[in-house]
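Chemist: Shown below is the structure under consideration.
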Amino acid sequence: MPTPIHLSLQLAVNVLDAHSLLAAFGALGVGVVLFAETGLLVGFFLPGDSLLFTAGLLCTGSDGGSVHLSLGPLLVAAATGALVGAQCGYLLGRKAGGALLARSRSQRLHEGAKRAEVLLERYGFAKAVVLARFVPVVRTVLNPVAGALEVPVRTFTLWQVVGGLVWSVGLILAGYALGSSVPNIDRYLLPLVALIVVVSLLPLLAELYRAHRARRGGDSDSEKENR
């Protein structure tokens, strides 16, 4: 049974700080946070990327603190939260449609919804669902948007599973690998978390660059034909 001190620590947890969340709730907390971030619109502000990376790091015990997680249960909890959350978000969007977003007054949430629609239109269902996993806020709103736009269930489910596993398992293993190979890695935790967020955006940036080049190539061909 939790002691009063432990309960007070849980109540005082900073939900925006990955280390604080992990210290209070452990691997189970990772699953719950990922479910909320990917399945519930109210979870758009939660720190998914940094939480996964920090959790992987803490599996090595390299931070020298009291928080230590087991890699196996962590991977299961993270994958379950990410996959079940995304599927729930999709089903909510399919049932409630745009009414979910219409009720929100958050500007960030509405901007994320617009970016999600652009991803779906520009890259197609499969690629957009995978890429959205690596973009904060967009990974929250794309799932209900996909449901509201009636993306086929089989298509969405297949690619959200692929994207969810690459994102959740990949970031955890990245933190674990780095923590296992670099001594005293906890000293550089904040810069590393910032770096991993930037790296997680690379797939999207690469696709945007490719789309830009393709568009420029198309414009050049049109100009040549007009001449």
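Chemist: Please state which one of Ala113, Ala82 is part of a helix (DSSP H, G or I), over 24 Å from Ala27 (Cα atoms), open to solvent by less than 20 Å² (accessible area, probe 1.4 Å) and in contact (Cβ under 8 Å) with a residue 12 or more places away in the chain. Let's see the steps before the verdict.
Modeler: Numbers: Ala82 fails: over 24 Å from Ala27 (Cα atoms).
Ala113 is the lone residue from the list that is part of a helix (DSSP H, G or I), over 24 Å from Ala27 (Cα atoms), open to solvent by less than 20 Å² (accessible area, probe 1.4 Å) and in contact (Cβ under 8 Å) with a residue 12 or more places away in the chain.
Chemist: I've got another one for you. With the checklist (1) open to solvent by 50 Å² or more (accessible area, probe 1.4 Å); (2) farther than 21 Å from Leu34 by Cα; (3) at pLDDT below 70 in hand, flag the one item Leu201 doesn't pass.
Modeler: Unmet condition: (2).
Chemist: Mind checking which residues of segment 34-79 are open to solvent by 10 Å² or more (accessible area, probe 1.4 Å), aromatic (Phe, Trp, Tyr) and part of a helix (DSSP H, G or I)?
Modeler: Phe35
Chemist: Hey, does segment 125-140 have a residue that's open to solvent by 50 Å² or more (accessible area, probe 1.4 Å), out of contact with any Gly (no Cβ under 8 Å at 6 or more places or on another chain) and not in a helix (DSSP H, G or I)?
Modeler: No, segment 125-140 contains no residue that is open to solvent by 50 Å² or more (accessible area, probe 1.4 Å), out of contact with any Gly (no Cβ under 8 Å at 6 or more places or on another chain) and not in a helix (DSSP H, G or I).
Chemist: Return a yes/no flag: does segment 19-36 have any residue that is out of contact with any Phe, Trp or Tyr (no Cβ under 9 Å at 6 or more places or on another chain), under 27 Å from Arg154 (Cβ atoms) and at pLDDT below 90.
Modeler: No; the residues of segment 19-36 include none that is out of contact with any Phe, Trp or Tyr (no Cβ under 9 Å at 6 or more places or on another chain), under 27 Å from Arg154 (Cβ atoms) and at pLDDT below 90.
Chemist: How many of the residues in segment 107-118 are of a type in the set (A, V, I, L, M) and at pLDDT 80 or above?
Modeler: Step one: of segment 107-118, the residues of a type in the set (A, V, I, L, M) are 109, 113, 116, 118.
Applying the additional criterion that residues be at pLDDT 80 or above yields 116, 118.
Looking only at that region, the number is 2.
Chemist: Please go through segment 42-82 and give me each residue that is among the aliphatic types (A, V, I, L, M) and within 13 Å of the chain's Cα centre (by Cα), ordered by number.
Modeler: Those that are among the aliphatic types (A, V, I, L, M) and within 13 Å of the chain's Cα centre (by Cα): Leu46, Leu51, Leu52, Ala78, Ala79, Ala82.
Chemist: Which one of Gly163, Gly175, Gly170 is open to solvent by less than 60 Å² (accessible area, probe 1.4 Å), without any contact (Cβ under 8 Å) to a residue 24 or more places away in the chain, within 24 Å of Gly56 (Cβ to Cβ) and not aliphatic (A, V, I, L, M)? Talk me through it step by step, then tell me what you get.
Modeler: Working: Gly163 fails: without any contact (Cβ under 8 Å) to a residue 24 or more places away in the chain; Gly175 fails: without any contact (Cβ under 8 Å) to a residue 24 or more places away in the chain.
Criteria check complete, one pass: Gly170.
Chemist: If Lys95 passes every condition in (1) of a type outside the set (Ser, Thr, Tyr); (2) modelled with pLDDT of 85 or more; (3) in contact with a helix residue (DSSP H, G or I) (Cβ under 7 Å, 6 or more places away or on another chain) but one, which one does it miss?
Modeler: Against the list (1) of a type outside the set (Ser, Thr, Tyr); (2) modelled with pLDDT of 85 or more; (3) in contact with a helix residue (DSSP H, G or I) (Cβ under 7 Å, 6 or more places away or on another chain), Lys95 comes up short only on (3).
The values are calculated or read from the model by the stated rules, or taken from the named source; none is laboratory data. Treat the numbers as computed from the prediction; the structure is a model and nothing was measured. Using ideal geometry, Cβ is built from the backbone for each residue, glycine included, and neighbour counts are taken over all protein chains shown. Heads up: the accessible areas ignore ligands, DNA and RNA and are worked out on the full protein's heavy atoms, side chains in. Shrake-Rupley method; radii C 1.70, N 1.55, O 1.52, S 1.80 Å.
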